[in-house]
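Let me begin by presenting the structure, written as structure tokens, before commenting on it.
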Amino acid sequence: MNEILLYTKQGCPLCEEAKIWIELLKDDYILEFREIDIQSDETLHDKYALEIPVVSVNGEELMFPQLSEVEIRQRLHD
């Protein structure tokens, strides 16, 4: 099973766009998806504050500008 983590925070339009990509992928792949608000954890906030959205696909982190639906798909297992 594929695991996707989306590190996000409220009011982030790029995060919302990444979430839409992930929702669309659910039709083509078996995956577990979790959204993690970096503002709920000081360590995560310090790590990702200027980087969000960050998507972890099966443990591999993708950040803008490399983050895209195509990049996420390339890292998913059938």
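The values are calculated or read from the model by the stated rules, or taken from the named source; none is laboratory data. This one's a predicted model, so the numbers in the text were calculated from it and none came from an experiment. Note that we place each Cβ from the backbone using ideal geometry, even for glycine, and neighbour counts take in every protein chain shown. The protein model used for the area step is the full one, side chains on, heavy atoms only, and it has no ligands, DNA or RNA in it. Shrake-Rupley method; radii C 1.70, N 1.55, O 1.52, S 1.80 Å.
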Can you find, within the range 5-52, the residue that is least open to solvent (accessible area, probe 1.4 Å) among those that are among the small types (Gly, Ala, Ser) and more than 19 Å from Gln74 (Cβ to Cβ)?
Ala49
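Identify all residues within the range 53-74 that are of a type in the set (A, V, I, L, M, F, W, C) and either exposed (fewer than 13 other Cβ atoms within 10 Å of the Cβ) or at positive phi (or both); write none if there are none. Break it down into steps so the answer makes sense when it comes.
First pass over the range 53-74, keeping only residues of a type in the set (A, V, I, L, M, F, W, C): 54-55, 57, 62-64, 67, 70, 72.
The answer is Val70, and nothing else.
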Which members of the range 1-46 meet the condition of being assigned to a loop (DSSP other than H, G, I, E, B) and closer than 16 Å to Phe64 by Cα?
Lys9, Cys12
List, please: which pairs have Cβ atoms under 8 Å, are six or more places apart or on different chains, and start with a residue in the range 1-16 that is within 9 Å of Pro53 (Cβ to Cβ) and end with one that is among the aromatic types (Phe, Trp, Tyr) and in a helix (DSSP H, G or I)?
Tyr7/Tyr48
